[in-house]
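J.: This structure is in structure tokens; I'll ask about it shortly.
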Amino acid sequence: MSWDDRDVALLKELWVLGHSASQIARRLGCSRNAVCGRLTRLGLKRGHTPSTAKPRIRPVPKRRPALSAACARPVGKKVSKPLEKRQPKELSKRQLYAMLAEAVRNTG
């Protein structure tokens, strides 16, 4: 697109009024990219507007103290009794053969 003085003046006026590049392009009958390129070459920029959001930093919730921490003296650890190792029941050779025979009968 060839830009004449009238188009550039209208471009500047609409840009200052806050129209978007697409709106200006429709009004001038050209593409949005043509308008953006011309704005860049003219050095026209919109100022960066700071965000309107106001982030609020929340404090970390306080943890409840452990129950044992409230005691004046430390509580001793509870130690469970060690498990007694049970000796396997001793079986005779005859009992073992009987168990084996019964197992074979049950699987067949």
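Read the figures in this text as sums done on the coordinates, not as results from a lab. Everything numeric in this text was worked out from a predicted model, so none of it was measured. Using ideal geometry, Cβ is built from the backbone for each residue, glycine included, and neighbour counts are taken over all protein chains shown.
J.: Identify the trypsin sites (Lys or Arg not before Pro) of region 1-48 meeting these criteria: DSSP loop state and at most 16 other C-beta atoms within 10 Å of the C-beta.
T.: Lys45, Arg46
J.: Identify all lysines with a Cα-Cα distance to Lys81 below 28 Å; exclude those on the same chain that are fewer than 8 residues away in sequence.
T.: Within reach: Lys89.
J.: Moving to a separate point now. Tell me which aspartates and glutamates have Cα within less than 19 Å of Lys45's Cα, excluding those fewer than 8 residues away on the same chain?
T.: By straight Cα distance, Lys45 reaches Asp7, Glu13.
J.: Can I ask one more? With the crude spin-label approximation of a point 7 Å out along Cα→Cβ, what separation in nm comes out for Leu17 versus Leu44?
T.: It works out to 1.2 nm between the two label points.
J.: Give the lysines whose C-alpha is closer than 28 Å to that of Lys85, dropping any in the same chain fewer than 8 places away, or say none.
T.: Lys77, Lys93
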